[in-house]
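The values are calculated or read from the model by the stated rules, or taken from the named source; none is laboratory data. Since the model is a prediction, treat every value here as computed from it, not as a measurement. Counting neighbours? That spans all protein chains shown, and the Cβs are built from the backbone with ideal geometry, glycine included.
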Amino acid sequence: MEAKYDFETKYRKQILQCSRCGFCQAVCPVYGLTLRPSLNARGKMLLLKEIMDGQIDLDSEELVETLYQCTTCANCEESCPSGVNVPDIIKEARKDMVHIGSCHPAFKGMNEVLQESGNIYAEDEPEDFERKRNQKAEHVYFIGCVGSYREDEATMSVLALLDRLKIDYTLIDEVCCTGVLEDLGYPMIDKHVRTNIDLILATGAKTVITGCPYCSRTFNNKPQYAELKEKGIRVMHIIQFLKDFDFGVQTEKRVTYHDPCDLGRHCGIYDEPREIIRKIAPNFVEMPYNRENALCCGAGGGVRGAYPKNSIGMARRRLKEVEEVDADILLTECNSCLHNFSNAKLRKQRFKIYNITQFISKLLEEED
Amino acid sequence: MDIRGYNMPEDLYYEENHFWIRDEGDTLVMGMDDFAQLLAGEIVYVQLPDEGKELKAGKKFAKIESGKWLGKVYAPVSGELIAVNEELETNPGLINDDCYGKGWMFKIKPSDKGELDNLMRTVEEIDTWLAEEIEKYVTE
């Protein structure tokens, strides 16, 4: 019998490989918060099998929540003994859902917003960050939507740091990389991709540094941005760029680090941030769940936009680990994680939260 | 008091960024008005600065977010932040449920209550202002 949906054509075997062991339940941030089996990988695979068997249809309102309330953190995939690539399966199922007109209204809205606007928030005026854009330079610093419109202080800090290190860089009149849309079941937006590529090329830069690990994954992995590689332009995340620098500051404070899913599990970047942190904070301590086992902050996969209360709830769970290790400072290097954690932190929790670059900038300022 | 479909109680001052102020003598209580809470949608986060923070009239001192919107909270008068509604930390939706009551946000000790004269107070002022805001923000 021919498959009705693409997710079955591509992933039937994997869906059937799920042995229902439930290892994924132990690491799923959404399940950890809600305890709802349908919101966990095991439950999703069971439901997708029901769809493949014709018992239920993809076009059902309950399935919108099941398939869209997922941060795509890939902790399930990391833990799965049966080799089921859950995030890829979910993304394909979302494409099928969008195709039949079934999608979470927040994500439908995000797609509509990005057709008209250059950022996911439909904001008209970006901060100018007191710096010119579209100059000729060796590097482009690509901020990303969250850094531009929700974490402008963190962005100012990283730019101040780049200035101190005398890096020749320019900002550009960037628009959303639109990589997020593919994860939600929509195509990326050609005109925005074109705008970003043209602006980058016009600067003459050979390296693009991104503040957002999601943007760097999009630029590096999506064929829509292949032209950058073809023209010899490297794209790297700020933490990769700063790995070998010496900053000349240190703190005695007890510091811990949260691995953003987009930097860690999705890109395998675990050592570089730790090397940098150990230079500036010798009193470094790991949280119980770290590196490939890091618990997701809850913001990814569009969940912060569509299920903000649960998103913040997931962040709150992760922040308990910071208390467990009695850290004074929580560091990360992802504006989405930073934003969600900042919103989730309770007043009684006295630790501070920064991006690594923001923290280094702060230490340097204090020394001045 | 219903003005153009929005609940805007009479005994309050209103600030142009859609925050209300109630005069309780030595203390002012501040919150978000009905127009803004409806436009914002479900509030998911309110920044609650530490008590004792110095406030300057017209200067931003906190942030507030709904799923789709980030708003800035501006001090209506100069003074000191003396209390925050800690319930909002885990239940920011109180602002949507009861924006003039349980959803109050901040208490301020003003340094000059005369600054309240800069805010809107009469039905006529509020009506004119709301008409403009509806035209600006409320899509059909």
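With respect to the conditions (1) outside any loop (DSSP other than H, G, I, E, B); (2) among the small types (Gly, Ala, Ser); (3) not assigned by TED's automatic domain parsing to the domain that holds A:GLU182, A:ALA226 lacks only one, and its number is (3).
Mind checking which residues of segment B:115-133 are of a type outside the set (Asp, Glu) and surrounded by 15 or more Cβ atoms within 10 Å (Cβ to Cβ)?
Listed by number, the residues that qualify are B:LEU116, B:LEU119, B:MET120, B:ARG121, B:ILE126, B:TRP129, B:LEU130.
Considering only segment A:336-357, I want to know if a residue exists there that is touching a His at 6+ places or on another chain (Cβ under 7 Å) and buried (at least 18 other Cβ atoms within 10 Å of the Cβ). The answer is yes, given that some residue of segment A:336-357 is touching a His at 6+ places or on another chain (Cβ under 7 Å) and buried (at least 18 other Cβ atoms within 10 Å of the Cβ). Of all residues in segment B:89-96, none are touching a residue at least 12 places away in the same chain (Cβ under 8 Å) and over 30 Å from A:ALA306 (Cβ atoms).
Just one of (1) outside any loop (DSSP other than H, G, I, E, B); (2) modelled with pLDDT of 95 or more fails for A:GLN135. It is (1). Of the set (1) surrounded by fewer than 17 Cβ atoms within 10 Å (Cβ to Cβ); (2) more than 22 Å from A:GLU153 (Cβ to Cβ); (3) of a type outside the set (A, V, I, L, M, F, W, C); (4) out of contact with any helix residue (DSSP H, G or I) (no Cβ under 7 Å at 6 or more places or on another chain), all apply to B:LYS53 but (2).
Counting the residues of segment A:194-229 that are touching a residue at least 40 places away in the same chain (Cβ under 8 Å) and under 11 Å from A:ILE172 (Cβ atoms) gives 8. Quick check on segment A:52-59. Is at least one of its residues of a type outside the set (A, V, I, L, M, F, W, C) and in a helix (DSSP H, G or I)? Checked against the condition, which is being of a type outside the set (A, V, I, L, M, F, W, C) and in a helix (DSSP H, G or I), segment A:52-59 yields no hits at all. For segment A:179-217, a residue qualifies if it is closer than 25 Å to A:LEU338 by Cβ and β-branched (Val, Ile, Thr), and the qualifying residues are A:VAL180, A:ILE200, A:THR207, A:VAL208, A:ILE209, A:THR210.
For segment A:166-196, the set of residues classified as part of a loop (DSSP other than H, G, I, E, B), under 11 Å from A:GLY118 (Cβ atoms) and more than 21 Å from the chain's Cα centre (by Cα) consists of A:ASP173 only.
Select from segment A:276-315 the residues that are of a type in the set (S, T, N, Q) and crowded, with 24+ Cβ neighbours inside 10 Å and list them in ascending order. Reasoning before the result, please.
From segment A:276-315, those of a type in the set (S, T, N, Q) are A:283, A:290, A:293, A:310-311; that's our starting set.
Across segment A:276-315, the qualifying residue is only A:SER311.
Picking from residues in segment A:64-97 that are buried (at least 17 other Cβ atoms within 10 Å of the Cβ) and among the hydroxyl-bearing types (Ser, Thr, Tyr), the one that is farthest from A:ARG291 (Cα to Cα) is A:THR66. Evaluate the following for A:ALA3: is it of a type in the set (Gly, Ala, Ser) and modelled with pLDDT under 95? In short, yes. Tallying residues that are of a type in the set (A, V, I, L, M), more than 26 Å from A:GLY313 (Cβ to Cβ) and surrounded by fewer than 17 Cβ atoms within 10 Å (Cβ to Cβ) within segment A:1-53 yields 3. Looking for something outside the structural domain of A:GLU153 (by TED's automatic domain parsing), within 26 Å of A:CYS176 (Cα to Cα) and out of contact with any His (no Cβ under 6 Å at 6 or more places or on another chain) - is there at least one such residue anywhere in segment A:282-291? Checking segment A:282-291: not a single residue is outside the structural domain of A:GLU153 (by TED's automatic domain parsing), within 26 Å of A:CYS176 (Cα to Cα) and out of contact with any His (no Cβ under 6 Å at 6 or more places or on another chain).
Could you tell me which residue of segment B:14-39 is surrounded by the most Cβ atoms within 10 Å (Cβ to Cβ), considering only residues that are more than 20 Å from B:GLU87 (Cβ to Cβ) and in contact with an Asp or Glu (Cβ under 7 Å, 6 or more places away or on another chain)? Steps first, answer last, please.
Within segment B:14-39, the first condition is being more than 20 Å from B:GLU87 (Cβ to Cβ), and the residues that meet it are B:14-18, B:23, B:25-26, B:35, B:38-39.
Now restrict to residues that are in contact with an Asp or Glu (Cβ under 7 Å, 6 or more places away or on another chain): B:14, B:18, B:35.
Values: B:TYR14: 21, B:HIS18: 22, B:PHE35: 24.
That would be B:PHE35.
For segment A:98-132, what are the residues that are surrounded by 15 or more Cβ atoms within 10 Å (Cβ to Cβ) and either among the acidic types (Asp, Glu) or assigned to a helix (DSSP H, G or I) (or both)? Hits for segment A:98-132 are A:VAL98, A:ALA106, A:PHE107, A:LYS108, A:GLY109, A:MET110, A:ASN111, A:VAL113, A:LEU114, A:GLU123, A:GLU127.
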